[in-house]
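Every number in this text was worked out from the coordinates using simple rules, so none of it is lab data. Everything numeric here is computed off the predicted structure, so don't read it as measured data. As a convention, Cβ positions derive from the backbone with ideal geometry for all residues, glycine included, and neighbour counts pool all protein chains shown.
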Amino acid sequence: MRGRASHPLLKLPVLFGFLVLAVLIGCVVFADLLYPGNPWRMVARPNLPPLSPGFPAGTDMLGRDLAAGLVHGSRATLAVAFSVVLFAVGIGTAIGLAAGYFGEAVDEVLIRITEFFQTIPGFLLTIIIVAILSPTRWTIILAIALISWPPVVRVVRAEVLSLRRRDWVRAARVGGLSHARIALLHVLPNVLPQVAVQASLLLAGAIMIESGISFLGLGNRDAVSWGFLLGSGRSSFSINWWLSTLPGLAIFLTVLAFNLIGDGLERWLDPKRGGRAGS
């Protein structure tokens, strides 16, 4: 038996990821209490550096509080990311389950559709969709979700192909259960742990893509986001370095946190990598 400290989810990098996630959740929940009102209002003298009294992140060229923008920006960025993952995981799981369980004909059609979307440059397709349509939150979510579901299909399909050969699945068929009931109530619950790992990695990717879109000026103009803050400060980086550095650091830490959490979940769920079987 291994000690409790050897548990993959209790290792320092994974704990750091959960700590960053806890801070982000706190910012999202308490943004209005920490910085009430419009984060874009002018509240102080322009170009105050970080750690100025009352302004820990400084101010921008118009005297707006950068900390307020970062805290409120966490809402916009994470709302898009979680919405993307919800759609991508739902679509990818449904297609992967159908492809892996319902035979070669269905598998062939669905995998070819998946491969078609994988051959398209994802970020370029997202920019094109957002540029053609109005850059609203739901347009951005739709565009990113459209390129995010194929990896989920691959993972779910591989797991289902393995599970459908198990004796308990064959026993369920002999017992007269319908294919839909077996797939949804018996096979799907055994796939969800791997889906959770993919979801954490998709969150990191969605944040990167949303930030890239906003950096280019194609993001939702009705809400402040980290990508917008990063892009708006790049023109004066040599003078006001913090305007781009701090939003970039927020993006970096958030993406790193979700990747660390995903890695910890994968190690925990995979006995070959020292997961639950050895704890």
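Between residue 222 and residue 245, what length comes free when the chain is fully extended (0.36 nm per residue of separation minus the Cα-Cα distance, one decimal in nm)?
6.0 nm
Expected output is a single nm value to one decimal: the length gained when fully extending between residue 236 and residue 179, i.e. 0.36 nm times separation in residues minus the C-alpha distance. What is it? Before the final figure, lay out each step's value.
Numbers: separation 57, 0.36 × 57 = 20.52 nm, distance 6.06 nm.
Full extension of this stretch gives 14.5 nm more.
How large is the helix-only mean residue ellipticity at 222 nm for the chain, computed as the sum of -39500 (n - 2.57) over DSSP H runs with n ≥ 4, divided by its residue count, in deg cm²/dmol to the nearest 500?
-22500 deg cm²/dmol
In a shell of Cβ-Cβ distance under 12 Å around residue 144, excluding residue 144 itself, what net charge do Lys and Arg (+1) and Asp and Glu (-1) give?
Once positives and negatives cancel, what remains is 0.
Could you check the simple spin-label distance between residue 38 and residue 196, using points 7 Å along Cα→Cβ, in nm with one decimal?
Going by the 7 Å Cα→Cβ label model, 4.3 nm.
Two decimals, Cα atoms only, Kirkwood Rh: what is Rg/Rh over the stretch 160-270?
Ratio of gyration radius to Kirkwood radius: 1.27.
Given the Cα-Cα distance of residue 104 and residue 45 and 0.36 nm per residue of separation, how much length would full extension add, in nm?
14.6 nm
With equal scatterers on the alpha carbons only and no solvent term, can you work out the Debye log10 of I(q)/I(0) for the stretch 37-141 at 0.10, 0.13, 0.15 1/Å?
Debye output, listed in q order: -0.52, -0.71, -0.81.
Quick one: among 38, 259, 220, which has the greatest mean-square fluctuation in a GNM of the chain with alpha-carbon springs under 10 angstrom?
With Cα springs under 10 Å in the chain, the top fluctuation among 38, 259, 220 is at 38.
Could you work out the Rg to Rh ratio of the chain, with Rh taken as the Kirkwood radius (inverse of the mean 1/r over all Cα pairs)? List each step's numbers first, then the result.
Details: Rg = 22.1 Å, Rh = 20.9 Å.
Rg/Rh for the chain comes to 1.06.
Please determine, in degrees from 0 to 90 and to the nearest 10, the orientation of helix 66-101 with respect to the longest principal axis defined by the Cα atoms of the chain, where the helix direction is its Cα long axis.
Tilt relative to the chain: about 10 degrees.
What FRET efficiency would be calculated for the residue pair residue 112, residue 256, taking the C-beta separation as r and a Förster radius of 41 Å, to the nearest 0.05?
The formula returns an efficiency of 0.70 here.
Taking the chain as the reference, fit the longest principal axis to its C-alpha atoms, fit the long axis of helix 122-132 to the helix C-alpha atoms, and give the angle between the two in degrees, 0 to 90, nearest 10.
Roughly 60 degrees, rounded to the nearest 10.
Specify which residue in the list 91, 269, 255 is farthest towards the positive end of the charge dipole of the chain, using unit charges on the beta carbon of Lys, Arg (+1) and Asp, Glu (-1), about the Cα centre.
269
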